[in-house]
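In what follows, a single structure is set out as structure tokens and then discussed.
None of the figures in this text is laboratory data; all of them are computed from the coordinates on show. Please read all numbers here as calculations on a predicted model, not as lab measurements. Cβ placement follows ideal geometry from the backbone for every residue including glycine, while neighbour counts extend to all protein chains displayed.
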Amino acid sequence: MKFWSGYGSEHSMDLVLIGHFDDDAEAETALELITELTQAAQAESDAGRLVLGEPPDRFSDEILEKLMEVNIGSIGPAEIEQLLYDVNVTRDAEKVVITTDELDVLAFIKILLLKGARIEMLSGHDFPGSGYGRRG
């Protein structure tokens with residue numbers, strides 16, 4: 001038998017985060033960066049250096065090297081785990097669209113901003129006609 005340990009609410013977030021870029025190529029670059037950093041975060045988790053729910057107070061050598069390689073200096077150690085949350089990241093032409101039930105999305109916001117996005121953030125519950133979110 002499995003037990004789930006955590007907290008919940010009756011109202012999930014259905015958060016929609018949209019990074020608007022000048023063109024498709026910039027959006028693709030941002031999506032590739034999110035994918036690359038998510039893979040690095042997954043490697044941290046697989047190696048036991050990152051445990052969800054127990055954010056580290058400092059970077060491992062491996063994740064620090066990756067952040068330096070991609071020239072990202074504003075994501076903090078505690079934000080790396082956000083890349084492993086249950087999120088859906090897609091590209092829609094010149095937009096990168098992130099949907100999730102999480103509220104902690106600062107790592108994604110920073111990546112989008114650092115890649116030159118104008119950011120739109122909304123609740124899929126309150127704006128069901130946006131074309132995104134669960135009721136999209």
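Once you order the gyration tensor axes a ≥ b ≥ c over the Cα atoms, which shape class does the chain get: rounded for a/c under 1.5, otherwise prolate or oblate by comparing a/b with b/c?
Oblate is the answer for the chain, as a/c is 1.5 or above yet b/c matches or exceeds a/b.
What's the longest bit of the chain with no exposed trypsin sites (Lys or Arg not before Pro), using DSSP loop states and at most 16 other Cβ atoms within 10 Å as the test?
The answer is 59-133.
Run the dipole for segment 14-91 about the Cα centre, Lys and Arg Cβ at +1, Asp and Glu Cβ at -1, nothing else charged, and hand back the magnitude in debye, nearest 20.
220
What aspartates and glutamates does K95 reach when the alpha-carbon gap must be under 15 Å and sequence neighbours fewer than 8 apart in one chain are set aside?
D22, D23, D24, E26, E28, E32, E120
Name all residues of segment 81-114 having a backbone nitrogen under 13 Å from the label point set 7 Å from the Cα of E28 along its Cα→Cβ direction, giving them as ranges.
Only 91-95 fall inside the zone, counting backbone N under 13 Å.
Might you report the magnitude of the Cβ-based charge dipole of the chain about its Cα centre, with Lys and Arg at +1 and Asp and Glu at -1, to the nearest 20 debye?
So the magnitude is around 280 debye.
Going by C-beta contacts inside 10 Å, put Y85, Y132 in order with the fewest on the left.
Ordered from fewest to most neighbouring Cβ atoms within 10 Å, Y85, Y132 come out as Y85, Y132.
With label points built 7 Å along Cα→Cβ from the Cα atoms of R58 and L113, find their separation and express it in nm.
2.6
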